[in-house]
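Before any comments, here is the structure.
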Amino acid sequence: MMPDALSALREEFPLLETGTTFLDWAATGLLPRVSRSAVEEYLRQIVDCPTAESTWMHGVHGQTRQRVRVLTAGLLGGTASASDVALVESTTAGLNIATSVLPAESGDNVVLSAIDYLAVAMPWKRRADREGLKLRFVPAPEGRLRARDLLASADARTRAIAVSTAAWTTGALLDAAVLAEGARKRGIPLILDAVQTFGVVPLDVGAIPTSFLCVGGHKWLCSPLGAGFLYVSREAAERRLPDQIGFLAGQPERGTWPQFFESPDASPAAKVRFPPAGRSFEVGGTANYPGALGLLGMLRLLSQAGVAELHEHVLDLGDHLIDGLKALGHRVVTPTAREERAGIVVFQTGAGVGAEQDLVLRLRERRIVGSVRYTSGQGGVRISLHGMNTMADVETLLRQLGAP
Ligand SMILES: Cc1ncc(COP(=O)(O)O)c(C=O)c1O
């Protein structure tokens, strides 16, 4: 039985009530009703200009963005607060900003996983080419992201470990607390890409003391595309702010921004203060307000439903799916132990990738949505299960795969 809070959450996604079995949150999520209404209202307002002046939206949606930071901090746990959170465009934007502030020189190294998403490695590859850094891609022959393997590759010249909290093509969950503690003890900054777990696996930055955590909103957070966040620990923010500057993240020396712009004293040479905190890592200008409204909607829904309860439900769905896939003779790529997976379950049919692509197309014709994903030879048919999914969704998939 689905807990009541999750039934209410499911009702926010009309597609799920119209015969589509949506199992592709790891690719791109769906927008909940509450966010759709908020974005529609926003569109109506920028068409109609509801006040006598035209910059109202900066004030109103500056507050929207602050609410997003507050709710995000609540889900980050520990002592995280809104000022530790920068709203950025995407996971990739967060990864780039985090990479840019860490000191490293020729001959130093960075530890990465050989099965990670390319966006995690790319900013480091650029720096490696320009600055002579060495990249250590830690092999993951069984598709697992293991703290002990990553830590074993680090040494006195390691300047960062950058890795995802779940492997995007195998669904294996990183033992992030072990990694973060190990990195902290050795004084190595940790950059976590949590786009595949935030919103479906509970998080506590108190227990996982990472320097940076990067999340795009368009997957498990069901926001419009192009809205995400970067969490920065206070220690990391105090060490160095980015070279790029977003003026709205700062505070004018006197008064507020509206007062500044109306003041004859305003000048490009005016002093703007940037507190040494995550918020100062917002390097854009006028921001993605529809994206913030979408994030706000889902963050509220998640806070009401409770991510811990949602996670247990998703693991139950995963158990059932894994049992069913095994009974059908498929090879389950994702670890079967509950503590080693998030919402992604990956399997191989044994008939090769071409047959897996055909299978996914056939499933889509029957309105069952999943994907095929591979990296470094690891992957298969990727099914992703969110709190909005039900056992009936899993049954529908298994029946189409041939279960009685
Ligand atoms: C692990 C991981 N990191 C990063 C990304 C890219 O995210 P974004 O588009 O938010 O930069 C993806 C997208 O699939 C991903 O799976």
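Bridgeable aspartates and glutamates around Lys271 (alpha carbons under 19 Å apart, same-chain partners fewer than 8 residues away excluded): Asp243, Glu253, Glu262, Glu282. Protection proxy ranking of 83-96, 296-309, by the mean of other Cβ atoms within 10 Å over each peptide's residues and highest first, is 83-96, 296-309. Straight distance only, please: which lysines reach the Cα of Lys219 with their own Cα at less than 28 Å, same-chain residues fewer than 8 apart left out? Cross-link targets: Lys125, Lys326. Going by accessible surface with a 1.4 Å probe and the largest first, Phe22, Phe274 read Phe274, Phe22.
In this view, the solvent-accessible surface of His61, computed with a 1.4 Å probe and all protein chains in place, comes to about 10 Å². In this rough spin-label picture, where each label sits 7 Å from Cα along the Cβ direction, the Ala270-Arg367 distance is 5.5 nm. For Cys222, neighbours were defined as the other residues whose beta-carbon sits under 13 Å from its Cβ, and their charges (Lys and Arg +1, Asp and Glu -1) total +3.
Take every Cα pair under 8 Å whose residues are at least 6 apart in sequence, average their separation, divide by the length of the range 191-304, and the relative contact order is 28 percent. Give me the distance between the Cα centres of the range 1-60 and the range 191-236, rounded to whole Å. After rounding, the separation between the Cα centres reads 20 Å. Look at where the Cα atoms of the range 92-144 and of the range 355-400 average out, and the two centres are 31 Å apart. Positive-end ranking of Val120, Pro224, Ala308 along the dipole of the chain, with charges on Cβ about the Cα centre, is headed by Val120. For the chain, the longest principal axis of the C-alpha atoms and the axis of helix 307-327 are separated by about 30°. The calculated 222 nm mean residue ellipticity attributable to helices in the chain amounts to -12500 deg cm²/dmol, summing -39500 (n - 2.57) over DSSP H runs of n ≥ 4 and dividing by all residues. Subtracting the Cα-Cα distance of Lys134 and Glu262 from 0.36 nm times their residue separation leaves 41.1 nm of extension gain.
Site pair Asp155 and Ala403 shows an inter-label distance of 4.9 nm when each label is modelled 7 Å from Cα along Cα→Cβ. Axis of helix 289-305 versus longest Cα principal axis of the chain: the two differ by about 60°, to the nearest ten degrees.
Going by the alpha-carbon gyration tensor, a ≥ b ≥ c the square roots of its eigenvalues, is the chain rounded (a/c under 1.5) or, if a/c is not under 1.5, prolate (a/b greater than b/c) versus oblate? Oblate shape, in that a/c is at least 1.5 and b/c is the bigger or equal ratio. Straight-line cross-link partners of Lys185 among the aspartates and glutamates, defined as a Cα under 19 Å from its Cα and at least 8 positions apart when in the same chain: Asp108, Asp149, Asp155, Asp175, Asp204, Glu235, Glu238. Between the helical axis of 118-131 and the longest alpha-carbon principal axis of the chain there is an angle of about 50 degrees. In this structure, Ala351 and His320 have a Cβ-Cβ separation that, at R0 = 35 Å, corresponds to a calculated FRET efficiency of about 0.90.
The values are calculated or read from the model by the stated rules, or taken from the named source; none is laboratory data. Quick caveat, the model's predicted, so the values are computed rather than measured. Backbone-built Cβ (ideal geometry, glycine too); neighbour counts: all protein chains shown. What goes into the accessible areas is simple: the full protein's heavy atoms, side chains included, and nothing from ligands, DNA or RNA. Shrake-Rupley method; radii C 1.70, N 1.55, O 1.52, S 1.80 Å.
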